[in-house]
């Protein structure tokens, strides 16, 4: 009887221990799931923040390019100096015999102007042939900043057609890629996946041209990073990882490199 009682007590203790163990395991699993969900939420928020910062950086870079172009244009104008006006003729054409002589132009002072400054005619705008490279570049970037991406692409392509060896050529090529990337996002927001995919593929092509045609340009790291983002949207993570790794290996000091490391880690862990 004593042995049976001991066995029964032992069985009861084992059942309690098993119950405690199951409860502890269930609690541990629940905590692990909660931690995983929280980590996932934090990673998603961080990813969105990184994309927002990347877009902000791209906008700031464009503004810097715009300001640099304006400063360069002003410096050239200051070095060249203002053109000197041509003096008007001081004698009139000879008159017919017997006719009274016409007064010279210099002898007749012009009448005082009574028009207000605002009513004076504005100087004529330069023709297309007189436009400087910075004029075309700035006009295209202004269209980009206003969200007129199709016009911006046309303007930057015109700039590259005329000045493909200019210092800003690599930047112009990069903004063509950015414009296509923005167009793709617009189609995605409008639930037009086919058009969004087409625009993303075009963006990838344009970003690759930055690296291929202007390998020493300042926009190469940004083009590599944005190309990787477009490839992620196209569900091509392997290619995206390769481009991010290329950016990290070849441009360790670039501003986009920390962002590339974070995104590469997220891709490998996902």
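Each value in this text was obtained by applying a stated rule to the coordinates, not by laboratory testing. Fair warning: this is a prediction, and the values are worked out from it, not measured in the lab. Cβ placement follows ideal geometry from the backbone for every residue including glycine, while neighbour counts extend to all protein chains displayed.
Of note:
- For the pair residue 157 and residue 22, label points projected 7 Å from Cα toward Cβ lie 6.9 nm apart.
- The alpha carbon gyration tensor of the range 130-225 gives principal lengths a ≥ b ≥ c with a/c of 1.5 or higher and a/b no greater than b/c, which makes the shape oblate.
- Placing R0 at 41 angstrom, the Cβ-Cβ distance between residue 246 and residue 29 gives a FRET efficiency of 0.50 after rounding to 0.05.
- Compared with the direct C-alpha span, the chain from residue 188 to residue 145 gains 13.5 nm at full extension, assuming 0.36 nm per residue.
- The range 177-270: C-alpha gyration tensor shape, a/c 1.5 cut-off, then a/b vs b/c: oblate
- Ranked list, fewest to most other Cβ atoms within 10 Å of each Cβ, for 20, 167: 20, 167
- Stretch gain in nm, segment residue 39-residue 15, where the contour uses 0.36 nm per residue and the Cα spacing is subtracted: 5.1 nm
- Extension gain, residue 265 to residue 236, is 8.9 nm, computed as 0.36 nm per intervening residue step minus the present C-alpha separation.
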